[in-house]
1. Mind grabbing the accessible area of S146 for me, 1.4 Å probe, Å², rounded to tens?
2. Of the listed pairs K30/K98; K30/K104; K88/K174; K104/K170; K55/K75; K19/K88, which have alpha-carbon separations greater than 21 Å here?
3. Please work out the C-alpha center-to-center distance from the range 160-181 to the range 94-135 and express it in whole Å.
4. For the chain, find the longest principal axis of its Cα atoms and tell me its angle to the long axis of helix 102-112, 0 to 90°, nearest 10.
5. If you count only protein heavy atoms with a 1.4 Å probe, what accessible area per residue comes out for the chain, rounded to a whole Å²?
6. Which peptide among 153-162, 117-126 comes first, and what is the full order, when sorted by highest mean count of other Cβ atoms within 10 Å?
7. Within the range 21-128, list the trypsin sites (Lys or Arg not before Pro) lying in a DSSP loop whose Cβ has at most 13 other Cβ atoms in a 10 Å radius.
8. In the neighborhood of A125, defined by Cβ-to-Cβ distances under 12 Å, what is the net charge if each Lys or Arg adds +1 and each Asp or Glu adds -1?
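The values are calculated or read from the model by the stated rules, or taken from the named source; none is laboratory data. Keep in mind it's a predicted model, so treat the numbers as computed, not measured. Reconstructed Cβ throughout: ideal geometry from the backbone, glycine too, with neighbour counts over all protein chains shown. All accessible areas refer to the heavy atoms of the entire protein, side chains included, with ligands and DNA or RNA removed. Shrake-Rupley method; radii C 1.70, N 1.55, O 1.52, S 1.80 Å.
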Amino acid sequence: MNVSFPWNGSELLRREYEKENYRLIHTGSKTNRAIIFFSGNGLYFPNTEEEFTQKIIINDRYEWENLASNKLIRKYYELIIFVRDVYKQWYVTGINPKYDTVDKTADFLRELTRGYDVTTCGASAGGYAAVLFASLLDAERFFSMSGQFSIRHQIDARVAPFVYNYASDKIRNKYYDIAGITHNGGGALYLAS
């Protein structure tokens with residue numbers, strides 16, 4: 001089977017995966033609030049080495065950077081965290097080799113946000129992550145734009161090979177369907193078609 005970039009064993013992508021793949025901004029506001037922005041599968045498109053090189057390696061892109069530069073956002077939130085999955089596989093391999101599962105990534109984000117009221121935000125695959133991590137982190141609220149609630153339909157080696165490869169892995173597949181996940185906070189759910 002011919003698997004295209006970014007899932008073709010690219011050394012270029014592997015090197016980027018080994019980086020932190022998160023960014024912190026301390027705004028200077030003293031609000032005790034943190035927001036986590038999850039990048040989705042639109043992080044770079046089309047899925048080519050050239051686009052990946054431009055968006056990720058050269059521009060070090062995280063989705064939501066423009067929104068997070070808004071003065072009101074920076075006044076409201078004391079801590080802004082950007083997170084990305086460079087493999088674009090719904091975070092089933094986490095964000096880097098140290099935090100290579102959803103649970104390890106959640107533990108890491110929990111440490112970063114200890115003592116803060118947390119909001120999560122994302123669109124599409126990032127919206128899926130916003131809902132999932134809001135639940136795991138007991139976030140106050142989440143914003144999910146066009147977020148998926150099941151990635152079981154992505155179990156296709158040509159489209160999502162990591163999701164496919166881990167379909168039988170109980171550590172990684174336990175969040176493939178989050179439609180029934182509970183969230184105790186005051187979540188806001190925004191869906192768009």
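1. 50 Å²
2. On the way: K30/K98 30 Å; K30/K104 28 Å; K88/K174 18 Å; K104/K170 14 Å; K55/K75 28 Å; K19/K88 15 Å.
Violating the 21 Å limit, Cα to Cα: K30/K98; K30/K104; K55/K75.
3. Answer, in whole Å: 16.
4. Result, in degrees: 30.
5. Numbers: 9410 Å² over 193 residues.
Result: 49 Å² of accessible area for each residue.
6. On the way: 153-162: 15.8, 117-126: 25.1.
Ranking the peptides 153-162, 117-126 by packing returns 117-126, 153-162.
7. Here the trypsin sites (Lys or Arg not before Pro) that fit, given the DSSP loop and packing criteria, are K30, K98, R114.
8. Values: positive: R84, K88; negative: E63, D85.
Around A125, the surrounding residues sum to 0.
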